[in-house]
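Input: a single structure, listed below in structure tokens.
The values are calculated or read from the model by the stated rules, or taken from the named source; none is laboratory data. Given the structure is predicted, the values throughout are model-derived calculations rather than measurements. We place every Cβ from the backbone using ideal geometry, glycine too, and count neighbours over all the protein chains shown.
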Amino acid sequence: MMRRLVASPSAGIAAAIAVLGLLSGVLTPYQLTLANNIGLASLTVLGLVLLTGVAGMTSFGQAAFVGVGAYSAAVIATVPAADLPPGLSLLAGWPLGGLLLGLIATMIVAAILGAVTLRLSGHYLPLGTIAWGLSFYYLFGTTELFGGFGGISDIPALRLAGVTFADGRSLYWLIWGAVILAVVVTANLLDSRSGRAIRSLRGGQRMAESMGVDTFSAKMTAFLVAAIFAAIAGWLYAYTQRFVAAAPFGTQAGIDFLFMALIGGVNRVPGAIIGAGVVVVLREWLQDLLPHILGRTGNFETIVFGLAIVVILQKTPTGIAGALARVIPKQFFQSSAPRRATGELPRRYMPLPGEVVLEADSITRRFGGLVANNEVSLSLAAGEILALIGPNGAGKSTLFNQLSAVDRPTSGEIRFLGRQVRGLTARALAAAGLARTFQHVRLVRGMSVLENAAIGAHTRGRKGMLASMLRLDRVEEARLLAEAAHQLARVGLSDQLQTAAGSLPLGQQRLVEIARALASDPCVLLLDEPAAGLRFTEKQALARLLRQLKAEGMAILLVEHDMEFVMGLADRVVVIDFGETIAAGTPEEIRVNPAVIEAYLGGGE
């Protein structure tokens, strides 16, 4: 769950500047160097917090993007215009030209690498980042323009707007100013529609796509932002060291950055600064202390440092920032809350009562030699509640997934609002007005109940990443959160808005899923075992809500095992067993149907 200090963002920035000013006046030159190294590392690790901690994509290649930014700065600063490739001569000797080149090159490279790497999953993704991280290391070290493994030296002092940043104290303000800006931008992004799309990846891609989130775009957004932060850090690094070589941008550096994120708290923005500070200071301290203790020089600090990391991660798996969050009094924090919304989100056109909105015609689904559904047909009309029932293993969930485009039938046709579903994605159906819940609850456990519900309203917003970063999305954001709060109130969770979704009982988590689905303003609602885990009074409240939605013209298809709940609610019931339809009719007809009685009593559940 996103939390922020009680003070306003502007007050937080002012406090950070005041602390930086105080430290600038008391730190020695050596301590300033350490502070600058911490700042450079923080900027890089902040991208990993977004990429790995928030989006759940482990990357060992972050150092490569630092190298792209550093070499761009070094080449533009030191290579004569005549020796630069065509098109770059105009940038020669211009520091901001090096930054511009670094950012453009990083975005192009990151887009290409992301298009390939981000399609990998499991252990293949981090292995892929190691592969291209190694490639970049040798590219930097063997390219003549980059000075080979000897690197590029004699980089002139940075000069911007007539001000020269030649020493650690002047660079200190530039580096930490960039860190503060990056922290603000990241916090803005996470507290937005685009940020929720990235965070929804933690709930699984199937869930996110079913809520209308473009999961690949969300991954690419996190990947690009992380790469840009690293490139800016590289540009600053070049002017801080005045020398650039390949060694600091190898796979080992990428591992170090990931360790910083894990130690600091990989899913918390402050964790980037905490982790960078701990690792940089600890490494320097060990390098000075161990030779005195052991009486000889060597890379002993690497051994001790590695063991220390293991202990820290074992004792504080959520990182130092997570440990601090548990001991700091809660009154020092407040959670994201719905802002006062001006106006409402536009509503979807609802089909006329009785109009057929969803049809399945002779659906067959085979998994090798197993036939999960065999020639199953059904139709759902606006203003109707249709129940799909059957014993365990009857093929209900398989059919449910095909109706929502999560799975595709082997043969047969599915039509939604008269349109053939074959070829459409779950995301496209969500945007068109079909919402669903899941048999096994799929929420982002660390996000608040309110934020989870707001994921459902994703398709009703239009503001993107840049608008979020610059806080130009506040009006729309207020409306999205207000819609989520309204739907949560309808399911009886208005007093749980700021509770972490993962801490709720299973029954209430199902209600959050229903609210999330309703936040998309659907015309068709598919509910997979919505009453499972609910108490009797909660079931009664859910039944009242579904009847109200039916009266508003919504079409509802529910898969459910609670026969009392189904029979008192549904207009029609379809029963399947062993993948085939064995009965269809009103609840009264289904109760006395011999085939249904045999399936439930003779065949067992």
Seminar exercise, completed: From the option list I263, I303, I274, I255, single residue qualifying as exposed (fewer than 14 other Cβ atoms within 10 Å of the Cβ) and not assigned by TED's automatic domain parsing to the domain that holds F165 is I303
For this session: Evaluate the following for L472: is it in the same structural domain as I414 (by TED's automatic domain parsing), over 18 Å from A555 (Cα atoms), in contact with a helix residue (DSSP H, G or I) (Cβ under 9 Å, 6 or more places away or on another chain) and part of a loop (DSSP other than H, G, I, E, B)?
Result: no
Exercise. Out of L91, L103, which single residue is surrounded by fewer than 24 Cβ atoms within 10 Å (Cβ to Cβ), hydrophobic (A, V, I, L, M, F, W, C) and under 30 Å from V279 (Cα atoms)?
Worked result: L103
Seminar exercise, completed: When the range 124-173 is checked residue by residue, the ones that are under 24 Å from V26 (Cβ atoms) and surrounded by fewer than 18 Cβ atoms within 10 Å (Cβ to Cβ) are V163, T164, A166, D167, R169, S170, W173
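Condition check ((1) over 26 Å from R366 (Cβ atoms); (2) modelled with pLDDT of 90 or more) across all residues:
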| site | (1), (2) |
| --- | --- |
| V575 | no, yes |
| G579 | no, yes |
| E588 | yes, yes |
| G602 | yes, no |
Exercise. Do the conditions hold for A426, that is, is it at pLDDT 95 or above and in contact with a helix residue (DSSP H, G or I) (Cβ under 9 Å, 6 or more places away or on another chain)?
Worked result: no
Problem set entry | Condition check for A531: under 26 Å from F416 (Cα atoms) and in contact with a Phe, Trp or Tyr (Cβ under 7 Å, 6 or more places away or on another chain) | yes
For this session: Kindly indicate which of L488, L443, L429, L480 is assigned to a loop (DSSP other than H, G, I, E, B) and surrounded by 24 or more Cβ atoms within 10 Å (Cβ to Cβ).
Result: L443
For this session: From F259, F229, F243, grab the single residue that is at pLDDT 95 or above and closer than 25 Å to L181 by Cβ.
Result: F229
Seminar exercise, completed: L569: passes all of (1) assigned to a strand (DSSP E or B); (2) of a type outside the set (D, E, K, R); (3) closer than 20 Å to V491 by Cα but (1)
Exercise. So, in the range 556-605, of the ones that are within 25 Å of F536 (Cα to Cα) and acidic (D, E), which residue ends up surrounded by the most Cβ atoms within 10 Å (Cβ to Cβ)?
Worked result: E560
For this session: Examine the range 241-248 for a residue that is in contact with a helix residue (DSSP H, G or I) (Cβ under 6 Å, 6 or more places away or on another chain) and assigned by TED's automatic domain parsing to the domain that holds D167, and state whether such a residue exists.
Result: yes
Seminar exercise, completed: Of those in the range 345-375 that are closer than 18 Å to L434 by Cβ and among the β-branched types (V, I, T), the residue surrounded by the fewest Cβ atoms within 10 Å (Cβ to Cβ) is V356
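For (1) modelled with pLDDT under 95; (2) within 27 Å of the chain's Cα centre (by Cα); (3) aromatic (F, W, Y), each residue gets a yes or a no:
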site: W132; (1), (2), (3): yes, yes, yes
site: G150; (1), (2), (3): yes, no, no
site: L160; (1), (2), (3): yes, no, no
site: V163; (1), (2), (3): yes, no, no
site: S170; (1), (2), (3): yes, no, no
site: A178; (1), (2), (3): no, yes, no
site: R196; (1), (2), (3): no, yes, no
For this session: For the range 493-504, state whether one or more residues are buried (at least 23 other Cβ atoms within 10 Å of the Cβ), under 21 Å from the mean Cα position of the chain (by Cα) and either among the polar types (S, T, N, Q) or farther than 27 Å from A382 by Cα (or both).
Result: yes
Exercise. So which of G61, G87 ends up being on the phi > 0 side of the Ramachandran plot and in the same structural domain as V225 (by TED's automatic domain parsing)?
Worked result: G87
Seminar exercise, completed: Filtering the range 66-98 down to residues that are among the polar types (S, T, N, Q) and in contact (Cβ under 8 Å) with a residue 60 or more places away in the chain yields S72, T78
Exercise. Regarding G150, is this residue in contact with a Ser or Thr (Cβ under 9 Å, 6 or more places away or on another chain) and of a type in the set (G, A, S)?
Worked result: no
Exercise. Is one or more of the residues making up the range 84-99 among the aromatic types (F, W, Y) and closer than 26 Å to G128 by Cβ?
Worked result: no
Exercise. How about the range 396-426: which of its residues are more than 27 Å from the chain's Cα centre (by Cα), outside any helix (DSSP H, G or I) and buried (at least 22 other Cβ atoms within 10 Å of the Cβ)?
Worked result: P409, I414, F416, V421
